[in-house]
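Here the structure comes first, spelled out in structure tokens, and everything after it is commentary.
The values are calculated or read from the model by the stated rules, or taken from the named source; none is laboratory data. Just so it is clear, the structure is predicted and the values come from calculations on it, not from any experiment. Backbone-built Cβ (ideal geometry, glycine too); neighbour counts: all protein chains shown.
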Ligand code: P61
């Protein structure tokens, strides 16, 4: 256990050695930039952003050890030393036998979906994630949401809102038959629900249920380290276990995992797929050479794999996770104290503003969460991300918009990047936008791309 264990303070277990200057902008600069970006924060230039809370993906600060590791890159086409270091780190901390590196998470999602889904099969999961569901659909699968109902309610205080509803899952299995289920798509700290964790009891029960039916469980381990922190904090019997022990136990109830290492593992690029079954591994190892690169680099440079191997070990340090989640919670608690509507409990990687609570007068089809992201940027140059109707996309069968119950704007905190004072600036800007809420009007979509529309869509003021 680290030095800060059991203390209120979440002070960072590191100090700053290098800084990157930020550019300040005027309101006129921001109005111009926002119109040019079609009111979509994904289309803003990073130069025009002051505090960038678009995502915690690939935006983390690497440590001096990781940068030193970059110099040890073995840039061989095949059999790079760094691949074996990465394989060892994944085995040690996640416990899976066979590893395939990929350029990032969606590369791994593509491979597992192609290898493990037959056309027409169902893929039950604890809430959709944009890229995950798309790859499942492109492989012919039908994603089915089996998360507990509490997850769809931003104000429900359930400590494990990421849990699978085992009754929903069982009735799907009964109705369709086990052979129609490709696998369970289980995510640690469910991103679209607000970074909400899954309990150890739930994954154990899920394992028992799926064993009875011969169904595999594959884990989206992208933010599983953060999930382990919530188990340590909230679940009986885990308070004295380390994050590393909890992570390993949780993964032991699953058959394999895919990973966007750009989050928990503290790197700017990278991912992997790991499984325990040799036959499936052989299939995946064959597929990776078609889409990513040879099975000992998977689209990455040797140096990237080295930084990832070191990042994995750093990511499970108790003091690190305590400080990381402490910072997110600090921002969340400030907003809650000011009665600003956010998703509760505050999750692992972000504070999610409840756009329905900001703008009850803006109908969902006028993109309240997109509007809120635009207003925040205008106010202070803070960049956030829409996680509502624009992100949810359309039903591939009917072509209609999905209307998610959660209409959220995500303030995502990169790891080891911003200070407590930055969080204060963010909170103050959110408050200013909240105070101006009644005057705010919605948006209409002016351009809609076919896949993952939220990334490149353009909007106009109503
Ligand atoms: C994010 F707006 N997440 O949260 P890749 N699983 C999970 C993720 O969070 C995830 C991936 C798989 C991002 C980047 C991003 O709709 C969006 O390495 C739980 O990004 O390929 C990525 O991993 C995919 C932003 C992705 C989005 C999709 O900011």
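So residue 401 passes all but one of these: (1) within 14 Å of the ligand (Cβ to nearest atom); (2) surrounded by fewer than 20 Cβ atoms within 10 Å (Cβ to Cβ). Which condition number does it fail? Here residue 401 meets the rest and fails (1).
Checked across region 224-240, the condition of being surrounded by fewer than 24 Cβ atoms within 10 Å (Cβ to Cβ), away from the ligand (no atom under 15 Å from the Cβ), over 18 Å from the mean Cα position of the chain (by Cα) and under 22 Å from residue 129 (Cβ atoms) holds for no residue.
The residue that is farthest from the ligand (Cβ to nearest atom), among those in region 121-144 that are closer than 11 Å to residue 451 by Cα and surrounded by fewer than 20 Cβ atoms within 10 Å (Cβ to Cβ), is 138.
If only residues of region 48-67 that are touching a helix residue (DSSP H, G or I) at 6+ places or on another chain (Cβ under 9 Å) and surrounded by fewer than 18 Cβ atoms within 10 Å (Cβ to Cβ) are counted, the one that is nearest to residue 381 (Cα to Cα) is 67. Answer yes or no as to whether residue 198 is at negative phi, modelled with pLDDT of 95 or more and part of a loop (DSSP other than H, G, I, E, B). Judged against the criteria, residue 198 is a match.
The listed residues are 400, 424, 354, 395, and the only one of them that is within 26 Å of residue 134 (Cα to Cα) and either modelled with pLDDT under 95 or out of contact with any strand residue (DSSP E or B) (no Cβ under 8 Å at 6 or more places or on another chain) (or both) turns out to be 395. Step by step: first the residues of region 78-111, then only those that are assigned to a helix (DSSP H, G or I) and within 11 Å of the ligand (Cβ to nearest atom), then the one that is surrounded by the fewest Cβ atoms within 10 Å (Cβ to Cβ). Which residue is that? Among them, the one singled out is 106.
Looking only at region 182-194, decide whether some residue is over 28 Å from residue 281 (Cα atoms), modelled with pLDDT of 95 or more, assigned to a loop (DSSP other than H, G, I, E, B) and within 16 Å of the ligand (Cβ to nearest atom). Yes - at least one qualifying residue is present in region 182-194.
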